[in-house]
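These notes concern the structure reproduced below.
The values are calculated or read from the model by the stated rules, or taken from the named source; none is laboratory data. Here the structure is a predicted model, which means the values were calculated and not measured. When we count neighbours, we look across all protein chains shown, and the Cβ atoms used for this are built from the backbone with ideal geometry, even at glycine. Quick note on the areas: whole protein, heavy atoms, side chains included, nothing else; ligands and nucleic acids left out. Shrake-Rupley method; radii C 1.70, N 1.55, O 1.52, S 1.80 Å.
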Amino acid sequence: MFLYEMLIAIGIAVVLVVAAIDRLATRVMMGPEEMALLRLARAAAAQHRLVASAAQQEREARAAAAQRAQRRLVAYWTRALAAPLPARLATLITQLETQDVSA
């Protein structure tokens with residue numbers, strides 16, 4: 001009786017192992033349609049990453065251009081404000097200041 005039970009247990013184990021191997025082989029062995037779909041999904045994901053990367057690069061380029069423009073404006077106004085006043089304009093400002101003081 002014990003031998004009979006052992007043979008049944010071994011038979012069940014073999015059937016379970018074969019079924020597990022069959023399911024695994026089905027996952028591993030894909031047909032051409034499944035492979036094409038898998039390649040298409042990978043290509044779509046790669047394209048999405050490329051578009052996102054290009055958009056990020058464009059945002060960075062715009063930010064860098066804005067920073068350059070800001071630096072140019074600051075440099076322009078710094079030079080403009082640091083330049084000495086023409087003599088005639090300085091004389092006029094002095095006259096206006098003395099008129100305000102005496103008035």
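Of a type in the set (S, T, Y), surrounded by 10 or more Cβ atoms within 10 Å (Cβ to Cβ) and free of Cβ contacts under 8 Å to residues at least 24 places away in the same chain - does that describe any residue in the range 46-59? Yes: the range 46-59 contains one or more residues that are of a type in the set (S, T, Y), surrounded by 10 or more Cβ atoms within 10 Å (Cβ to Cβ) and free of Cβ contacts under 8 Å to residues at least 24 places away in the same chain.
Annotation note: of R79, R39, R88, R62, the sole residue that is of a type in the set (D, E, K, R), part of a helix (DSSP H, G or I), surrounded by 10 or more Cβ atoms within 10 Å (Cβ to Cβ) and over 20 Å from the mean Cα position of the chain (by Cα) is R39. Pairs linking a residue in the range 1-27 that is open to solvent by 100 Å² or more (accessible area, probe 1.4 Å) and part of a helix (DSSP H, G or I) to a residue that is modelled with pLDDT of 85 or more and among the hydrophobic types (A, V, I, L, M, F, W, C), with Cβ atoms under 9 Å and 6 or more positions apart or on different chains, do not occur.
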